[in-house]
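Where a number appears in this text, it was derived from the coordinates with a stated rule and is not lab data. None of the values given here were measured: they were computed from a predicted structure. FYI the Cβ positions are ideal-geometry reconstructions off the backbone, even for glycines, and counts take in every protein chain you see.
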Amino acid sequence: MFNKVLVVCVGNICRSPTGEYLLKQRLPKHEIASAGVGALVDKPADPQAQAVAQQHGVDLSPHIARQLTPEIAAQYDLILVMEQGHIDAVSKISPSARSKTMLFGQWLPQGRRDIADPYRQSDEMFQIVYTQLKQAADLWAEKLKQA
């Protein structure tokens with residue numbers, strides 16, 4: 001049912017590419033991609049995000065940032081965003097996508113469901129965000145394999 005998943009953040013260079021590639025590892029039969037609500041179009045994944053992901057065996061080097069559009073949103077069954085406010089941002093870009101937009105951290109413990117933006121922050125913050133994204137990706141993979 002949810003075979004096509006889009007992961008969304010703001011710039012599409014830190015959180016959403018990491019979430020995308022984590023889900024790709026866990027759900028190889030699904031179509032998974034990412035985009036940003038204010039994307040740094042055509043930029044690669046952030047160097048800090050790439051370094052942290054690489055430490056954990058995740059290669060973000062193929063990633064190129066792209067802007068979320070109504071056309072892109074329409075192609076996916078499920079849109080996963082990093083923060084509650086991103087649901088509104090996705091809805092402004094594509095009102096019809098509202099009903100299929102959920103938090104990437106949906107299944108994390110209460111109070112930890114929003115995943116903070118590590119952009120231009122410390123390596124430690126990137127590690128914290130990576131850990132949160134990994135936990136959330138594991139939980140989504142469980143749910144989506146059952147669907």
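The HN-Hα couplings worked out from phi for segment 64-75 by the Karplus form 6.51 cos²θ - 1.76 cosθ + 1.60 (θ = phi - 60°) are 10, 5, 9, 7, 5, 10, x, 5, 5, 4, 5, 7 Hz, whole numbers, x standing for Gly and Pro. Oblate is the label for segment 17-58, because a/c, from the alpha-carbon gyration tensor with a ≥ b ≥ c as root eigenvalues, is 1.5 or above and a/b does not exceed b/c. A cut-off of 5 Å between modelled amide H atoms, ignoring neighbours fewer than 5 places along the same chain, links V81 with V8, M102, L103, F104.
Classify segment 1-83 as rounded, prolate or oblate from the Cα gyration tensor: take a ≥ b ≥ c as the square roots of its eigenvalues, call it rounded if a/c is under 1.5, otherwise prolate when a/b beats b/c and oblate if not. Can you show the working numbers first?
Working: a/c = 2.12, a/b = 1.19, b/c = 1.77.
Here segment 1-83 falls in the oblate category.
Computed about the Cα centre, the dipole magnitude for the chain is approximately 360 debye when only Lys and Arg (+1) and Asp and Glu (-1) carry charge, each at its Cβ. For the chain, modelled as a GNM whose springs connect Cα atoms under 10 angstrom apart, the maximal fluctuation among S122, S94, S16 occurs at S122. In this entry, segment 4-146 is assigned a mean projected area of 7.7 nm², taken as a quarter of its C-alpha convex hull surface.
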